[in-house]
Structure formats: structure tokens, C-alpha cells
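Novice: Supplied in C-alpha cells, the structure appears directly below.
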Amino acid sequence: MTAGKFITFEGIDGAGKSTHIAYVADLLHGRGNTVITTREPGGTALGEALRNLLLHEKMHLETEALLMFAARREHLAQVIEPALARGDWVISDRFTDATFAYQGGGRKLSLPKLAVLEQWVHPGLQPDLTLLFDVPLEVARARLDATRDLDKFEQEKTDFFAATRAEYLRRAAEFPERFRVIDSTQPITEVHKTLDEIVSSI
Ligand code: TYD
């Protein structure tokens, strides 16, 4: 058993990250760790209520960014920080990189303004590892088009996802010690092999 780490999963809609979360949680669990899987926006009762608004209601774009961070503040206080303090592992389906990518890249909000909110909400805390599942836009679009009941973000156009993906990749290059970019066009067995290697190295 090792002291818990904070792992985040990121990628544009349709990049296929969600299917890999259970796999990584099982790997860590198999090594004797207590693993908590959670998601953003969400992870708490209040956060899930905010998620419902964020994914379905029209709102000012800065309101959207503020609510993402409001949900995150609650998530940190109720779930993430207590779990890490206990020595548990935490896997979050999205975290602050998503706000920089979607609200900063996709929505074109000011990155310095988002950085102020990041400093406010989690000064001194960053994920230990961020797995960025990357696919070309056409692949993501085809996966989304096979889905029914698309939410507000999933209904966005190609330009939005191009800018979101570009900001994710820019951040991966800016923080290479924390990010691992995974080519999510590979067959699942290949992605699993990559995940096995990453998990055994942490
Ligand atoms: P997602 O994680 O893709 O869940 P699902 O797989 O159930 O659709 O959905 C969350 C959406 O919220 C996704 O479109 C990205 C968006 N989002 C932001 O725009 N900013 C953020 O800070 C976060 C955490 C998510």
C-alpha cells in the first residue's frame, strides 16, 4: 500500500476517457489501495445539482466558469481533500484542466481570470497525474453522433472542440511532469497496456 495520489482524467467529449476510469481504479485497487472515483462537475449533492444546471441551462459564460469552480470548491472540501488526507487514492473524471480547456479554450474566456479562480479554490493543490485522452475531432464527433440526448457541451460545433483540444494539448506541453497524453484512437487493449505501464510507474 502507498500513500494516495490524485489522478485526473481529461479529454474532449467523445475521447473515450470514461471507459478507462474503472480499469485504472481496478489496477490500483488490485495493489491494495483504497480508491475513490468521482467526477466534475459533480461529486457531491450540491455539485451534482450544479452539474444539472451547467449541462442543460443557458447562462452567461462567466457564470458557467464560476459555477464550475463553485462545484469544485465543494468537491475539494467534502470529497477530495479528506480522502487524500486519509491516504486514499482519488480518481476524478475531470478537474481544473477541463475549465481551462472548455471555458478558456472553447469559450475563449480569459485564462488569467481562470487562473485567479484556480488560486482561490485550490492554491497549492494540483493532480499528481493527469491522463489526457486525445483523439482527432472527427473521431470524437463520430462517437458523439452515435449518442442520444446530447448535453449543452456535446452539442457544440467543431471549432469549439478544436479550441478545447488545443488548450488541453497546450497545457500538457506546459506541465509535462504531470500530464500523460494517451492516443485514444488505439484499440482498447493497447490503451490498457499503456495504462498498465503508467500505473506500475507510480
Ligand atoms: P463529461 O465529463 O463528458 O461527462 P459524460 O461522459 O457523462 O458526458 O461531461 C461533463 C461536461 O462538462 C463536458 O462536456 C465538459 C464540461 N466541463 C466544462 O466545460 N468545464 C469543466 O470545468 C468541467 C469539469 C467540465
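Novice: Quickly estimate the mean residue ellipticity at 222 nm for the chain, helices only: each DSSP H run with n ≥ 4 gives -39500 (n - 2.57), and the total goes over all residues, rounded to 500.
Specialist: -15000 deg cm²/dmol
Novice: Do any trypsin sites (Lys or Arg not before Pro) in the stretch 2-55 lie in a DSSP loop with no more than 15 other beta carbon atoms within 10 Å, and if so, which?
Specialist: Hits after loop and neighbour filter: Arg31.
Novice: Find, among the trypsin sites (Lys or Arg not before Pro) in the stretch 134-202, those assigned to loop by DSSP (not H, G, I, E, B) with at most 10 other beta-carbon atoms within 10 angstrom.
Specialist: Those satisfying the criteria are Arg148, Lys157.
Novice: Now for a different question. On average over all directions, what projected area in square nanometres does the chain have, based on the convex hull of its Cα atoms?
Specialist: Averaging across all directions leaves 10.7 nm² for the Cα convex hull.
Novice: Charges on Cβ only, +1 for Lys and Arg, -1 for Asp and Glu, centred on the Cα centroid of the chain; of Pro123, Gly32, Ile80, which one is farthest towards the dipole's positive end?
Specialist: Most positive-ward Cα: Pro123.
Novice: Relative to the Cα centre, what is the charge dipole magnitude of the stretch 51-175, using +1 at the beta carbon of each Lys and Arg, -1 at the beta carbon of each Asp and Glu, and rounding to the nearest 20 debye?
Specialist: With Lys and Arg at +1 and Asp and Glu at -1, about 200 debye.
Novice: If you don't mind, another one. So for the chain, taking the charge dipole from beta-carbon charges (+1 Lys/Arg, -1 Asp/Glu), which of Thr158, Val191, Thr99 sits furthest toward the positive end?
Specialist: Farthest towards the positive pole: Thr99.
Novice: For the stretch 1-85, max minus min Cα coordinate along each principal axis, in Å, sorted largest first?
Specialist: 45, 30, 17
Novice: To continue, here is another question. Would you mind computing, in nm to one decimal, how far apart the modelled labels at Leu46 and Ala115 are, each placed 7 Å from Cα along Cα→Cβ?
Specialist: Between Leu46 and Ala115, the simple spin-label model gives 2.8 nm.
Novice: Continuing with this model, one more query. Gln155 label point, 7 Å along Cα→Cβ, cut-off 12 Å on backbone N: hits in the stretch 57-78?
Specialist: 57-59
Novice: Using a 10 angstrom cutoff on alpha carbons, build the Gaussian network for the chain and name the most mobile of Ile36, Ile91, Ile12.
Specialist: Ile36
Laboratory data are not the source of any read-out in this text; all were calculated from the coordinates shown. Keep in mind that this is a model prediction, so the values were computed, not measured. Using ideal geometry, Cβ is built from the backbone for each residue, glycine included, and neighbour counts are taken over all protein chains shown.
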